[in-house]
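Novice: Got a structure for you, questions after.
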Amino acid sequence: MPQGIASSNLAPSAINMNWKNNFKEGKEIILATASKGGLPNANIIISLGFVNGKLLVANCQMRNTIKNLKSNPNICIVGGYFRIKGKAEIFTSGKYFALCGKRSKGYSVKNAIVITVNKAFDLNKGKVVK
């Protein structure tokens, strides 16, 4: 069983209900994008948590990721033993951008990336949890 899940005191159904814990603020996650032509790109990033039910991340140095998202907003993110898929929106100002600046202490934020999660998948159990 994956590390973290085996040592958890949560029942299996509670683990599925708490998939968001794997993407909460401060967690290392892997963000994968693809160009319009299908070339993949992935980065290890730090989650800035959920805001209004959407996942927030900051772009501080992800040129290829932003280029990909502008032509193809579909994303895949892995956190722990969960994979989420959804659509990303890029913001260069406004409340999400300001929040990224506040939560990304010490880093220069170029864009806020806000992700609407369409599906969450438990990689350990092999089933959809959202």
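Novice: What is the extension gain from residue 107 to residue 124, computed as 0.36 nm multiplied by their sequence separation minus the C-alpha to C-alpha distance, in nm to one decimal? Working shown, then result.
Specialist: Details: separation 17, 0.36 × 17 = 6.12 nm, distance 3.39 nm.
Length gained between residue 107 and residue 124: 2.7 nm.
Novice: Can you give the Rg and Dmax of the chain based on its C-alpha atoms, in angstrom?
Specialist: Answer for the chain, Rg first and Dmax second: 14.8, 44 Å.
Novice: Local charge sum around residue 47 (other residues, Cβ-Cβ under 13 Å, Lys/Arg +1, Asp/Glu -1)? Display every interim value, and only then the final one.
Specialist: Details: positive: 20, 24, 27, 54, 103; negative: 25, 28.
Net local charge, residue 47 excluded: +3.
Novice: As a check on your grasp of the helix formula, calculate [θ] at 222 nm for the chain: sum -39500 (n - 2.57) over DSSP H runs of n ≥ 4, divide by the residue count, round to the nearest 500. Mind showing how you got there, number by number?
Specialist: Numbers: 3 runs with 24 residues, N = 130.
Value at 222 nm, helices only: -5000 deg cm²/dmol.
Novice: Mind checking the dipole of the chain: about its Cα centre, +1 per Lys or Arg Cβ, -1 per Asp or Glu Cβ, Debye to the nearest 20?
Specialist: Charge dipole of the chain: 300 debye, to the nearest 20.
Novice: Compute the signed sum of charges (Lys and Arg +1, Asp and Glu -1) over the other residues within less than 12 Å, Cβ to Cβ, of residue 36. Numbers along the way, then the final one.
Specialist: Numbers: positive: 67, 70; negative: none.
In short, +2.
Only the coordinates and a few stated rules stand behind these numbers; no lab work does. No experiment lies behind these values; they were computed from the predicted model shown. Cβ coordinates were reconstructed from backbone atoms using ideal geometry, including for glycine residues, and neighbour counts include every protein chain displayed.
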